[in-house]
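Notes for the one structure printed next.
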């Protein structure tokens with residue numbers, strides 16, 4: 001009898017792009033969900049500039065998505081270190 005090793009969980013990826021957006025947009029976050037190792041669903045969220053609420057929403061969305069195994073791509077006018085992202 002041959003024992004099959006379980007597949008290791010896939011590692012989510014995160015990429016960040018700084019670009020000029022309209023001033024009312026805080027960030028555009030694209031989240032790609034996977035099923036059986038293949039892209040299954042893509043969600044795109046446009047976070048509007050709303051002071052501290054924007055930062056909190058951004059942090060919650062990105063953190064939860066990565067913890068659940070999704071790939072996350074961010075476009076924002078802010079530098080990543082301004083949002084607490086350290087390479």
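The values are calculated or read from the model by the stated rules, or taken from the named source; none is laboratory data. It should be emphasised that the depicted structure is a prediction, and the values quoted were computed from it without experimental measurement. Cβ atoms come from the backbone with ideal geometry, glycine included; neighbour counts cover every protein chain shown.
With respect to residue 22, determine if the residue is farther than 17 Å from residue 84 by Cα and in contact with a helix residue (DSSP H, G or I) (Cβ under 6 Å, 6 or more places away or on another chain).
For residue 22, the condition - farther than 17 Å from residue 84 by Cα and in contact with a helix residue (DSSP H, G or I) (Cβ under 6 Å, 6 or more places away or on another chain) - is not met.
Only residues in segment 70-82 that are modelled with pLDDT of 95 or more count as the first member; pair them with residues that are assigned to a helix (DSSP H, G or I), Cβ under 6 angstrom, at least 6 apart or cross-chain, and list the lot.
So the pair list comes out as 72/62; 72/65; 72/66.
Conditions (1) modelled with pLDDT of 95 or more; (2) under 15 Å from the mean Cα position of the chain (by Cα), marked per residue:
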residue: 7; (1), (2): no, no
residue: 27; (1), (2): yes, yes
residue: 34; (1), (2): no, yes
residue: 37; (1), (2): no, no
residue: 40; (1), (2): no, no
residue: 43; (1), (2): yes, yes
